[in-house]
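The values are calculated or read from the model by the stated rules, or taken from the named source; none is laboratory data. Because the structure is predicted, anything quoted here is derived from the model rather than measured. Here the Cβ is made from the backbone with ideal geometry for all residues, glycine too, and neighbour counts use every protein chain on show. For the accessible areas, the whole protein counts, side chains as well, though only heavy atoms, and no ligand, DNA or RNA atoms are used. Shrake-Rupley method; radii C 1.70, N 1.55, O 1.52, S 1.80 Å.
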Amino acid sequence: MLMGTGCNDFLTVYPQDNLIKEEFWKTKAQLQQAVIGCYRSMIEDGSMEKIIQFGELRADNVTGVNGSPSSDQSRFLECNITKGFALVKWADFYETINNCNTVLANADKALADPTLSIEELNAFKAEAKGIRALMYFYLVRSYKDVPLVLTASDDDSHSYAVAKSDESIVLNQIIADLKAAALKLPVKWTGNNVGRVTSYACKALLARTYLFMQDYKNAY
């Protein structure tokens, strides 16, 4: 009679040059690295270029390298927008949003590191909420109704075909994220951390969101 024995350890081969998900989120340094990754994806050309152009292109404040609008910019100004038009694709925004969702889903695991305090953990999570709110603010301002995704997508088991949510639902989520983040973030950062989300930054964006909603009482 043949008997089978478990060989999981023998057969499971992990990559040697990268940390797998199960080995990540164990230290304060790894958590901070993940948060910095949210900033990194936010400032990539794809997102930043669209953020600038969405706000300024319609006012003739953006031109191509030769002083005239590029072909994509001209199509945008002519409202000649079709499916697949690169300038209005929002994938870059959702990459940053997913990075933030991933931080929020996994950050608590880093408490296994005794050098990470609850206050620091909450501040890291607040940064992710602040960045996510900023991405959604630009999306809802530019597109009105957009998919509201608040869970991390890290494998093929997640559906990537998400229906759009009503503008008011997205705006309420932005407000909730900013209010929560403002309570856990410092008023200012110093040294190499200058430029990261602060409590005041969240409050400024919160006021801007209320102004966008024409809710002047709360903006005040």
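Would you please give the FRET efficiency between Thr151 and Ala29, computed as 1/(1 + (r/R0)^6) with r the Cβ-Cβ distance and R0 = 30 Å, to the nearest 0.05?
Efficiency for this residue pair is about 0.75.
In nm, to one decimal, how far is the modelled label at Arg141 from the one at Leu77, with both set 7 Å along Cα→Cβ?
Going by the 7 Å Cα→Cβ label model, 2.2 nm.
Taking the simple approach of a point 7 Å from Cα along Cα-to-Cβ for both Leu211 and Asn172, what is their distance in nm?
Rounded to a tenth, the inter-label distance reads 2.5 nm.
Please give the length that would be gained between Ala219 and Lys179 if that part of the chain were fully extended, namely 0.36 nm times their separation in residues minus their C-alpha to C-alpha distance (nm, one decimal).
13.1 nm
5 Å is the cut-off here: which amide hydrogens, built 1.01 Å from N in the peptide plane, fall below it relative to Ser165, excluding neighbours closer than 5 in sequence?
Hits under the 5 Å cutoff: Val146, Leu148.
What number comes out for accessible area per residue over the range 47-148 if the probe is 1.4 Å? Units Å², please.
I get 49 Å² per residue for this part.
Keeping all protein chains in place and using 1.4 angstrom, which order do Met135, Met48 fall into by accessible surface area, from largest down?
Working: Met135 0, Met48 65 Å².
Highest to lowest solvent-accessible surface, that is Met48, Met135.
Can you tell me the length gained on complete extension of the stretch Glu119 to Thr190, counting 0.36 nm per residue apart and subtracting the Cα distance?
Working it through step by step, the gained length comes to 23.9 nm.
Between Ala204 and Glu95, what length comes free when the chain is fully extended (0.36 nm per residue of separation minus the Cα-Cα distance, one decimal in nm)?
In short, 36.8 nm is gained.
Only sites in a loop by DSSP and with at most 11 other Cβ atoms within 10 Å count here; which trypsin sites (Lys or Arg not before Pro) in the range 115-220 make the cut?
Lys144
Compute, for Leu104, the solvent-accessible surface of its heavy atoms (probe 1.4 Å) with the complete set of protein chains present, and express it in square angstrom to the nearest 10.
Accessible area of Leu104: about 40 Å².
Could you state how much accessible area Asp108 has, in square angstrom rounded to the nearest 10, with a 1.4 Å probe and all protein chains kept in place?
Estimated to the nearest 10 Å², Asp108 gives 80 Å².
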